[in-house]
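The structure under discussion appears below in the form of C-alpha cells.
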C-alpha cells in the first residue's frame, strides 16, 4: 500500500488522549491554572454543565498568556468569561487527514 494511502486510513482515535482532564465551564480561571500546574499539563477540556458534560472548548497555556498580556492579572472569574480560541469538534473515527484539513479551512 502506498504511504499516502496509509495516511488516509489513520484514525484520530489512535492519537487522541482517551480520558482527557476536564474542568467545568463555571470553574474559576485560577482553579483551572492550579489543575494544569498540579497535573503538569498544557491544556484542559472545558465542559458545559448541562447534565451530559458536553465539550465546550479547550483552555490552553496560550490562552493564559494571551489573557495576561491583555489584562495584566488573573481575575477571580469563571473560565466561561475568558475568550478562548475556537476549535473544531471531530470524532475518534475521523481520519487524521480529515482532521488536518478541517484546521486548514479555518
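Tallying residues that are touching a strand residue (DSSP E or B) at 6+ places or on another chain (Cβ under 8 Å) and without any contact (Cβ under 8 Å) to a residue 12 or more places away in the chain within region 15-35 yields 1.
A quick yes/no check of all residues on (1) surrounded by 14 or more Cβ atoms within 10 Å (Cβ to Cβ); (2) free of Cβ contacts under 8 Å to residues at least 60 places away in the same chain; (3) farther than 16 Å from residue 19 by Cα:
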site: 37; (1), (2), (3): no, yes, yes
site: 40; (1), (2), (3): no, yes, no
site: 43; (1), (2), (3): yes, yes, no
site: 63; (1), (2), (3): yes, yes, yes
site: 66; (1), (2), (3): yes, yes, yes
site: 81; (1), (2), (3): no, yes, yes
site: 84; (1), (2), (3): yes, yes, yes
site: 88; (1), (2), (3): no, yes, yes
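The number of residues in region 68-79 that are part of a helix (DSSP H, G or I) and surrounded by 15 or more Cβ atoms within 10 Å (Cβ to Cβ) comes to 1.
In region 80-106, the qualifying residues are those that are farther than 18 Å from residue 46 by Cβ and assigned to a loop (DSSP other than H, G, I, E, B), and the one that is modelled with the lowest pLDDT is 106. Would region 79-89 turn up any residue that is in contact with a strand residue (DSSP E or B) (Cβ under 6 Å, 6 or more places away or on another chain) and on the phi > 0 side of the Ramachandran plot? No - not one qualifying residue is present in region 79-89.
Checked across region 27-42, the condition of being in a strand (DSSP E or B) and either closer than 26 Å to residue 91 by Cβ or at pLDDT below 90 (or both) holds for no residue.
The values are calculated or read from the model by the stated rules, or taken from the named source; none is laboratory data. The structure displayed is predicted, hence computed values, not measured ones. Cβ atoms come from the backbone with ideal geometry, glycine included; neighbour counts cover every protein chain shown.
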